[in-house]
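Enquirer: Please find one structure pasted underneath; my questions will follow.
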Amino acid sequence: MPTATPSVIALDGPSGSGKSTVARGVATTLGWRYVDTGATYRIATLAVLRAGTDLSDADAVAAVVTGADIRLSTDPARPCAELGAEDVSAVIRGPEVTAAVSAVSAVPAVRSLLVDLQRHLAGVDGAVLEGRDIGTAVFPDAPVKVYLDASPEVRASRRAADGDAGVTAPAEHLVATVSADLARRDRLDSSRAASPLSAADDAVHLDSSALDAAAVVQRVLALARDAGLVE
Ligand code: DC
């Protein structure tokens, strides 16, 4: 645990809430680091799948993740995920990783390893972190905490429109399939014992259903100004 919480904006919320776009927009405006913590769980999951590990064997999963060389760029203009020297930015958004990531991220030893990595990636000069447990576990003292949400319908259409929703389905069934997958992951991510998806008590709740990303970015920047993080 770092001795003092650096300038951190914690952005938590479920998939499709608009976190990534908003977090990158805020980090770009401020010239801060951007840490996509979900990507660290996805890279770890890819390592576990490639090792052929039984997902229900928590010790084996943790052992693979301990030995994995997980690398993440913190440049909001060039988010890049690597496993060793390999650029895995595309493959970690695919259906295999998306189907397995909730199981891998539920393993407490995996979380503890990756939370250390995420704190390290945040550095000390200002960072926007997006995830599920930033305000509750990674940086519980973050001066700005936002919990971003949107209606299930809006979240499913956004993920379907992204083209990287992590499911395969015929076009006419895409939104329904994405919607079912989001509901499955919400259930797993919210019900796990270790750091479940939940809003910190002191988080500001924003609903992005009727707001575009630029408007949410402005709200978050206003919160950062109110907290004295930026001028
Ligand atoms: O944000 P995402 O969809 O890329 O996240 C992938 C998975 O990683 C998500 O289903 C839950 C997990 N996750 C987590 O447990 N804690 C985080 N801080 C970020 C993601």
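Residue-by-condition table, conditions (1) within 13 Å of the ligand (Cβ to nearest atom); (2) farther than 24 Å from Y147 by Cβ:
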{"residue": "G16", "(1), (2)": "yes, no"}
{"residue": "V26", "(1), (2)": "no, no"}
{"residue": "D54", "(1), (2)": "no, yes"}
{"residue": "D69", "(1), (2)": "no, yes"}
{"residue": "P76", "(1), (2)": "no, no"}
{"residue": "S89", "(1), (2)": "yes, yes"}
{"residue": "G94", "(1), (2)": "yes, yes"}
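Enquirer: Turning to a different aspect of this structure: If you scan the range 118-166, which residues turn out to be assigned to a helix (DSSP H, G or I) and acidic (D, E)?
Expert: Within the range 118-166, E153, D162 meet the criteria.
Enquirer: Shifting gears a bit: Answer yes if at least one residue in the range 164-186 is within 11 Å of the ligand (Cβ to nearest atom) and either of a type in the set (V, I, T) or within 29 Å of A224 (Cα to Cα) (or both), and no otherwise.
Expert: yes
Enquirer: Which of (1) open to solvent by less than 40 Å² (accessible area, probe 1.4 Å); (2) under 11 Å from R42 (Cβ atoms); (3) part of a helix (DSSP H, G or I) is the odd one out, the single condition S89 does not satisfy?
Expert: Against the list (1) open to solvent by less than 40 Å² (accessible area, probe 1.4 Å); (2) under 11 Å from R42 (Cβ atoms); (3) part of a helix (DSSP H, G or I), S89 comes up short only on (3).
Enquirer: Tell me, which residue of the range 179-231 that is open to solvent by 30 Å² or more (accessible area, probe 1.4 Å) and of a type in the set (S, T, N, Q) is modelled with the lowest pLDDT?
Expert: Once the filter is applied, the top-ranked residue is S195.
Enquirer: For G123, work out the one condition from (1) of a type in the set (G, A, S); (2) modelled with pLDDT under 85; (3) closer than 29 Å to A63 by Cβ it doesn't fulfil.
Expert: It fails just one condition, (2).
Enquirer: Turning to a different aspect of this structure: Could you tell me whether V115 is within 13 Å of the ligand (Cβ to nearest atom) and buried (at least 23 other Cβ atoms within 10 Å of the Cβ)?
Expert: Against the criterion (within 13 Å of the ligand (Cβ to nearest atom) and buried (at least 23 other Cβ atoms within 10 Å of the Cβ)), V115 does not qualify.
Enquirer: In the list D125, D87, D141, D133, which residue meets the criterion of being of a type in the set (D, E) and under 15 Å from the mean Cα position of the chain (by Cα)?
Expert: None of the other options fit; the residue is D133.
Enquirer: Pairs needed: first member in the range 132-150, at negative phi and modelled with pLDDT of 95 or more; second member anywhere, open to solvent by less than 20 Å² (accessible area, probe 1.4 Å) and of a type in the set (S, T, Y); C-beta distance under 6 Å; at least 6 residues apart or different chains.
Expert: L148/S17; L148/S208
Enquirer: Pull up the range 57-78, narrow it to residues that are assigned to a loop (DSSP other than H, G, I, E, B) and not hydrophobic (A, V, I, L, M, F, W, C), then point me to the one that is surrounded by the most Cβ atoms within 10 Å (Cβ to Cβ).
Expert: Looking at residues that are assigned to a loop (DSSP other than H, G, I, E, B) and not hydrophobic (A, V, I, L, M, F, W, C), I get P76.
Enquirer: While we're looking at this one, here's another question. Filter the range 8-56 down to residues that are at pLDDT 95 or above and in a loop (DSSP other than H, G, I, E, B), then give me how many there are.
Expert: Within the range 8-56, residues that are at pLDDT 95 or above and in a loop (DSSP other than H, G, I, E, B) number 8.
Enquirer: What is the one condition in (1) in contact (Cβ under 8 Å) with a residue 40 or more places away in the chain; (2) out of contact with any Pro (no Cβ under 6 Å at 6 or more places or on another chain) that D201 does not satisfy?
Expert: (1)
The values are calculated or read from the model by the stated rules, or taken from the named source; none is laboratory data. As the structure is a computational prediction, the values presented were derived from the model and not from experiment. Positions of Cβ are backbone-derived with ideal geometry, glycine not excepted, and every protein chain shown enters the neighbour counts. Keep in mind that these areas ignore ligands, DNA and RNA; they rest on the heavy atoms of the full protein, side chains included. Shrake-Rupley method; radii C 1.70, N 1.55, O 1.52, S 1.80 Å.
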